[in-house]
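> Below is the structure I would like to discuss, written out as structure tokens.
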Amino acid sequence: MENHCEVLGTEGLIRRHEFVRIIIQCLYSLGYTNSAACLESESGISYKSNEFKLLESFILNGNWDDSIEYLNSIKDVLGETRESAMFLVFRQCVMEYLNCGEDELALAVLRKQVSALDVDKCKVHSLAMCMLSFKDRELAVIDENDAVVHDLRRKLLADLESLLPPPISVPEARLERLVESTVTAWVDSCMYHSSSNQISLYEDHRCSRDQIPTRTTQILTGHRNEVWFVQFSNNGEYLASSSNDCTAIIWKVLEDGILTLKHTLNGHQHAVSFVAWSPDDTKLLTCGNTEVLKLWDVETGTCKRTFGNQGFVVSSCAWFPNSKQFACGSSDPEKGVCMWDCDGNVIKSWRGMRMPKVVDLAVTPDGEYLISVFMDKEIRILHMGTNAERVISEEHPITSLSVSGDSKFFIVNLNSQEIHMWDVDGKWDKPSRFKGHKQHKYVIRSCFGGLNNTFIASGSENSQVYIWNRRNPTPIEVLSGHSMTVNCVSWNPKIPQMLASASDDYTIRIWGPGFQKKEGQVE
């Protein structure tokens, strides 16, 4: 006689009977029928409970009254699933009556028994419509022993097995789900997880800090003044940087992870504080708080168009997914937010004397939302399809904005030395908060990065780079190397272990995992 109270494991938390039963279910689902039957025989534990075996015998023999009576007898165990289970049995009963030409019996079951159930009325209506369609057909009478009927009864049992609660039935794929829950818990508790490799079950999972960039692998010294902005291209093959030296630079990421200078973009008369890659990475926009907006060809490094004139000042810009249109925001209220195409045509604009100054803006990668930060504590989220707008008011001035690659989240840097993460859909009442970096008076920019945008990185006024796991409000890494304020960071979207940082010390640092090669330098 099997002892249902026997337990396993060092903590005594696993009931042996349940454990073996779940293993048997898994063996059957994997197709190891003989092994499963052997384990049932050797252990004395059956995958199917006695209750389900009895119900199975009633259904396979077409004993519908006995099936319903039995379900009613165990209603305390079935709970809320009882009436749904009864509906499935009645439905099969009705269909078999119809197949046998017993229309009146089928109708009686529908009127007296099915209609009394507390189930979705749409299901009842669907069954009634099905009965009508049967009456319109000229069908041959199907014998009760017919293989089709047997298969339908087997399908009914499978549906009931999925519906009925334990211990009457074991939830589908129970062992797989238990293992998946464990693996998910490993990943969730691993602060450094940033690998797409499959996780082994042979040992508890824990990533080392080598999974994220922690060590300077290269220093880029192409700028002659403070570097204010960096951004990797969407394909991860380029890095664009802009500087107080009035230039922007396009860097090429080689196969070995080293960056080389591809183009220096000259033509601005003042500092360039912002760049934006087109989604197809063929074009680059550059602008600044006291500068015009310029469109560049990435392959040739030539300026294709200058938007506006010296009076048209653009502080930030963002592309739409088609790589043909973009939005730009101005610190001049009369300019507001404009939507342009690459030929210089204004498609749409939001402007006026009541329009606050635009601090930063972004378009979600899926193109559904335009997110704008207005001077100096207001975030507006505009749905491009419906024009519905949601406003978030922060308590402290916002300096920058960044959107996750999956279009689900965005982060804002505040001069209160916090970074706030909000969901784009507006389901959160409060943001997730990240602290530790220093920011009082300068524009500091942050970004998402790593596998599935798991991490957040930010510059800091104390010359360091900070990295957080999104599930933890305190930094998991603080990277030293720069000698002055770090203004901006960018995580390579295709190389999860590559991060770039721009600083007032005139340099850009490329960060990689600790096991990479020694530093290189590009003049």
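The values are calculated or read from the model by the stated rules, or taken from the named source; none is laboratory data. Quick caveat, the model's predicted, so the values are computed rather than measured. Because the Cβ atoms are built from the backbone with ideal geometry, glycine has one as well, and the counts that use them run over all protein chains shown. Heavy atoms of the whole protein, side chains included, go into the accessibility calculation; ligands, DNA and RNA do not. Shrake-Rupley method; radii C 1.70, N 1.55, O 1.52, S 1.80 Å.
> Helix-derived [θ] at 222 nm for the chain: sum -39500 (n - 2.57) over DSSP H runs of at least 4, divide by residue count, nearest 500?
Values: 10 runs with 123 residues, N = 523.
Theoretical 222 nm ellipticity from helices: -7500 deg cm²/dmol.
> To continue, here is another question. Using only Cα atoms, tell me the angle between helix 64-73 and the longest principal axis of the chain; keep it within 0 to 90° and round to the nearest 10.
Its long axis makes an angle of about 70 degrees.
> Given an 8 Å cut-off on Cα distances and at least 6 residues of separation, report the relative contact order of the chain as a percent. Walk me through the intermediate numbers first.
On the way: 1136 pairs, mean separation 56.8, N = 523.
Over the chain, the number comes to 11 percent.
> Given the pairs Lys121/Lys408; Lys123/Lys155; Lys304/Lys377; Lys357/Lys435, which span a C-alpha to C-alpha distance of over 29 angstrom in this model?
Working: Lys121/Lys408 36 Å; Lys123/Lys155 18 Å; Lys304/Lys377 35 Å; Lys357/Lys435 27 Å.
Beyond 29 Å: Lys121/Lys408; Lys304/Lys377.
> Can you tell me the dipole magnitude for the chain around its Cα centre, using point charges on the Cβ only (Lys, Arg +1; Asp, Glu -1), in Debye to the nearest 20? Each step should come with its number before you reach the end.
Numbers: 52 positive and 68 negative charges, 446 e Å.
So the dipole magnitude of the chain works out to roughly 2140 debye.
> Place the peptides 149-158, 213-222 in order of packing, highest mean first, counting for every residue the other Cβ atoms within 10 Å and averaging per peptide. Mind showing how you got there, number by number?
Working: 149-158: 15.0, 213-222: 21.3.
Highest to lowest by the protection proxy: 213-222, 149-158.
> A further question follows. What are the residues whose amide H is under 5 Å from the amide H of Glu477, where those residues sit 5 or more places off or on another chain and H is modelled from the backbone?
Here Ile467 satisfy the definition.
> Please report, as a whole percent, how much of the solvent-accessible surface of the range 48-172 comes from carbon and sulfur atoms (probe radius 1.4 Å). Kindly include the intermediate steps, with their values, before the conclusion.
Values: 3710 of 7310 Å².
The computed percentage sits at 51.
> Could you compute the FRET efficiency for Lys348 and Ser323, with r as their C-beta to C-beta distance and R0 at 22 Å, rounded to 0.05? It would help to have the intermediate numbers written out before the result.
Values: r = 17 Å, r/R0 = 0.79.
It comes to 0.80.
> Where Rh is the Kirkwood radius over the Cα pairs of the chain, the temperature 20 °C and the viscosity 1.002 mPa s, what D in µm²/s does Stokes-Einstein return? Each step should come with its number before you reach the end.
Numbers: Rh = 27.9 Å.
Translational diffusion coefficient: 77 µm²/s.
> Taking a label point 7 Å from the Cα of Gln198 along the Cα→Cβ vector, which residues of the range 145-184 have an amide N closer than 20 Å to it?
173-184
> For the ranges 235-245, 38-48, what's the packing order if you count other beta-carbon atoms within 10 Å of each residue, average per peptide, and put the highest first? Don't skip to the end; give the middle numbers.
Numbers: 235-245: 21.7, 38-48: 15.1.
Descending mean neighbour count gives 235-245, 38-48.
> How far, in degrees from 0 to 90, does helix 82-99 lean away from the longest principal axis of the Cα atoms of the chain, to the nearest 10?
That helix lies at roughly 60 degrees to the long axis.
> What percent of all Cα-Cα pairs in the range 272-376 falls into each 10 Å bin, going from 0 up to the bin containing the maximum distance?
Bins of 10 Å from zero give 16, 53, 27, 3, 0 percent of pairs.
> Using the Cα centre of the range 209-512 as the reference point, and only Cβ charges (+1 on K/R, -1 on D/E), how large is the resulting charge dipole? Debye, rounded to the nearest 20.
Working: 30 positive and 32 negative charges, 58 e Å.
Charge dipole, the range 209-512, about its Cα centre: 280 debye, nearest 20.
> Take the Cα radius of gyration of the range 48-172 and divide it by 2.2 N^0.38 Å, with N its residue count; two decimals is plenty. Walk me through the numbers on the way to the answer.
Details: Rg = 14.4 Å, N = 125, 2.2 N^0.38 = 13.8 Å.
Output field value: 1.05.
> Right, next: Using the heavy atoms of the protein chains alone and a 1.4 angstrom probe, what is the accessible area of the range 209-512 per residue in square angstrom? Walk me through the numbers on the way to the answer.
Values: 11760 Å² over 304 residues.
Per-residue value: 39 Å².
> Under 5 Å between amide H atoms, partner at least 5 residues away or on a different chain: which partners does Arg305 have, H built in plane at 1.01 Å?
Placed amide hydrogens put Leu295 under 5 Å from Arg305.
> Quick check: pseudo-label points 7 Å beyond the Cα along Cα→Cβ at Glu176 and Val119, how many nm apart are they?
The answer from the label model is 2.7 nm.
> Give me the net charge for the shell around Phe434: Cβ to Cβ below 10 angstrom, other residues only, Lys and Arg +1, Asp and Glu -1. Don't skip to the end; give the middle numbers.
Working: positive: Arg433, Lys435, Arg470; negative: Glu418.
Once all neighbours under 10 Å are counted, the net charge is +2.
> Could you give me the radius of gyration and the Dmax of the range 384-463, taking only the C-alpha atoms into account and expressing both in angstrom?
That works out to 13.1, 43 Å for Rg and Dmax.
> Sorting check: for 66-77, 114-125, 316-327, which peptide has the highest mean count of neighbouring beta carbons within 10 Å, and how do the rest follow? It would help to have the intermediate numbers written out before the result.
Values: 66-77: 15.2, 114-125: 13.2, 316-327: 20.3.
Taking the mean over residues of other Cβ atoms within 10 Å, the ranking is 316-327, 66-77, 114-125.
> Would you mind working out the accessible area per residue for the range 28-101, using a 1.4 Å probe, and quoting it in Å²? Walk me through the numbers on the way to the answer.
On the way: 3820 Å² over 74 residues.
In whole numbers, the range 28-101 has 52 Å² accessible per residue.
> Please work out the C-alpha center-to-center distance from the range 320-386 to the range 185-235 and express it in whole Å.
So the separation of the two Cα centres works out to 31 Å.
> I've got another one for you. Report, to the nearest 10°, how far helix 147-163 tilts away from the longest principal axis of the Cα atoms in the chain, using its own Cα long axis and a range of 0 to 90°.
The angle comes out at about 60 degrees.
> Could you run the Karplus curve 6.51 cos²θ - 1.76 cosθ + 1.60 with θ = phi - 60° over the range 221-237 and give me ³J(HN,Hα) per residue in whole Hz, x for Gly and Pro?
Taking θ as phi minus 60°, the curve returns 10, x, 8, 10, 7, 4, 9, 9, 8, 9, 7, 6, 5, 5, 8, x, 8 Hz for the range 221-237.
> For the range 313-451, give the percent of accessible area contributed by carbon and sulfur heavy atoms, probe 1.4 Å, rounded to a whole number. Spell out each step's value before the answer.
Numbers: 2810 of 6070 Å².
After summing per-atom areas, the C and S share lands at 46 percent.
> Using only the alpha-carbon atoms of the range 209-512 as identical scatterers, what base-10 log of I(q)/I(0) does the Debye formula give at q = 0.11 Å⁻¹?
Ignoring solvent entirely, the Cα scatterers give -0.59.
> With the contact rule set at Cα under 8 Å and sequence spacing of 6 or more, what percent relative contact order holds for the range 48-172?
Numbers: 96 pairs, mean separation 43.9, N = 125.
Dividing the mean separation by the residue count of the range 48-172 yields 35 percent.
> Also, I was wondering about something else. Considering the options Ser432, Ile199, Asn225, tell which one lies farthest towards the positive end of the dipole of the chain, charges being +1 on Lys and Arg and -1 on Asp and Glu at the Cβ, about the Cα centre.
The residue sitting most towards the positive pole is Asn225.
> When only C-alpha pairs under 8 Å and at least 6 residues apart count, what is the relative contact order of the range 68-127, in percent? Present the calculation step by step, with values, prior to reporting the outcome.
Numbers: 33 pairs, mean separation 18.0, N = 60.
Answer for the range 68-127 is 30 percent.
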